[in-house]
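To keep things clear, I will list the structure first and then write my remarks on it.
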Amino acid sequence: DKGYEYSSNVGIVNLIRTYLSKKELKECFKKYGFGKTTGIELAREASGSINFNYEVEVANAGFGQGITTTAIQQLQALTIIANEGKMVKPHIVKEIINPNTKEAYYERKVEISDSIVKKSTADKLKQLMYNTIHGTDSGTTGRAYNVEGLDVIGKTGTAQIYNNELGGYFIESNVNKYIFSFSGMFPYENPQYIIYAAMKIPTWGQSAGLSLAVTDVIESIAKYEKLDGKENNNKEKEFTIPSYMSKDTSKVKIELETKKLNPIIIGDGNKIINQYPPANNKLSVGSKIFLVTNDSKYIMPNIKGWSRNEVNVLATLLGFDVSFEGVGYVKSFNIEAGSEINKDTKL
């Protein structure tokens, strides 16, 4: 269990040598959908390869060397864990609707297999994936993928890059010269969403760029699907925003507060000259809407507790540079709230 949490190659090799034969390992890969196309509605889908024969190849196959897979195969295999041991066939299109009659031209069928592994096995994997994200041990590899309140579970990957000319893997001293990946799902008890993401040779931060991208996606899904507990699922509490361009700042502020939205007024001007989100977007109760006024100077708001995306919106609207340390919500920032900010600001 600790080897899984650490993403340990040594751990998986010991498991294979102790408990699995070459034949059994290969049968597992095939049963989980590797080595053949999934049949998804995309051209030129690759089948991947799971050929291995010698003892060292069997050991390496346990952590992914000597075999090839695709992202779609990874997603399909992860459905086994998400669906209590049954595999779901992936599709791109859910339905095609006639825009005039609203009738469905096409509705895809949910294709689910018989049990491939026992429910108890899938539950054990979910527990291990939970530990990989939520474990407190310093060796735990997935803690950067934790999104508060969403019970994300997952597994990290760090793969050497194959050199076709040399017929082997690059052995690099540079810590970034790998393919970093993440396989995850949420919520823990009854997963509804699966994410597979990979990044090759990031230019900074090893896997930090990947974890930031993945957690942004998870937070966006959670907000859209009302999973974050911050918004009521009542459609009557959604508001389609109009254009506030050139409108009176004080009147717009009162209107938005009446709708129980959270206007972020930038500057002390009496007219709105820019807004985000733009007109015709729907916002739920409590959501922020950014309004830039026709002021000659702008003041730094207190952004403690803001999301990364909200800080990026502020920086984009005012044209200054921003960089981040860590993931989640703003805990501290280098510019005192109330200070003047401009395009030369470095947040």
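The values are calculated or read from the model by the stated rules, or taken from the named source; none is laboratory data. This is a predicted model, so every value here is computed, not measured. Reconstructed Cβ throughout: ideal geometry from the backbone, glycine too, with neighbour counts over all protein chains shown. Accessible surface areas use protein heavy atoms only, side chains included; no ligands, DNA or RNA. Shrake-Rupley method; radii C 1.70, N 1.55, O 1.52, S 1.80 Å.
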Accessible area per residue of the chain at 1.4 Å probe, in Å²?
-> 60
What nm distance separates the two modelled labels at T18 and D114, each placed 7 Å from Cα along Cα→Cβ?
-> 3.2
Long-range amide H partners of K86 with built H, under 5 Å = I116
Using only Cα atoms, figure out Rg for region 1-160 and give it as a multiple of 2.2 N^0.38 Å.
-> 1.21
Taking Cα atoms, the helix 308-318 axis meets the longest principal axis of the chain at an angle in degrees (rounded to 10) of 40
Separation of the E55 and D123 label points, Cα + 7 Å toward Cβ, nm = 3.8
Placing +1 on each Lys and Arg Cβ and -1 on each Asp and Glu Cβ in region 86-139, then taking the dipole about the Cα centre, the residue among V110, A122, I133 whose Cα reaches farthest towards the positive end is A122
Ratio of region 124-272's C-alpha Rg to 2.2 N^0.38 Å, to two decimals?
-> 1.48
For I272, other-chain or 5+-apart residues with amide H closer than 5 Å (H placed, Pro excluded) are S246, K247, T249
Shape of region 221-347 from its Cα gyration tensor (a ≥ b ≥ c, root eigenvalues): rounded if a/c is under 1.5, otherwise prolate when a/b > b/c, or oblate?
-> oblate
The size of the Cβ-based charge dipole (Lys, Arg +1; Asp, Glu -1) of region 18-63 about the Cα centre, to the nearest 20 debye, is 120
Separation of alpha-carbon centers, region 101-178 and region 17-85, rounded to whole Å | 13
Cα-based convex hull volume of the chain per residue, rounded to whole Å³ | 190
Sites removed, the longest contiguous part of the chain containing no DSSP-loop GluC sites (Glu not before Pro) with at most 12 other Cβ within 10 Å is 226-324
Hits among lysines - C-alpha to C-alpha of K102 under 30 Å, sequence gap 8 or more where chains match = K89, K94, K223, K226, K235, K237, K282
Between I97 and D248, what FRET efficiency comes out of the Förster formula 1/(1 + (r/R0)^6) with R0 = 41 Å and r the beta carbon distance, rounded to 0.05?
-> 0.50
For region 194-323, the dipole about the Cα centre with charges only on Cβ (Lys and Arg +1, Asp and Glu -1), to the nearest 20 debye, works out at 140
Relative contact order of the chain: what whole-number percent is it, with Cα pairs under 8 angstrom and at least 6 residues apart?
-> 9
Compute the length gained on full extension between K86 and N281: take 0.36 nm times their separation in residues and subtract their Cα-Cα distance, giving the result in nm to one decimal.
-> 66.4 nm
Between the helical axis of 249-258 and the dominant principal axis of the chain, each derived from Cα atoms, what acute angle in degrees is found, rounded to the nearest 10?
-> 50
On the accessible surface of the chain, probed at 1.4 Å, how many percent belong to carbon and sulfur atoms?
-> 49
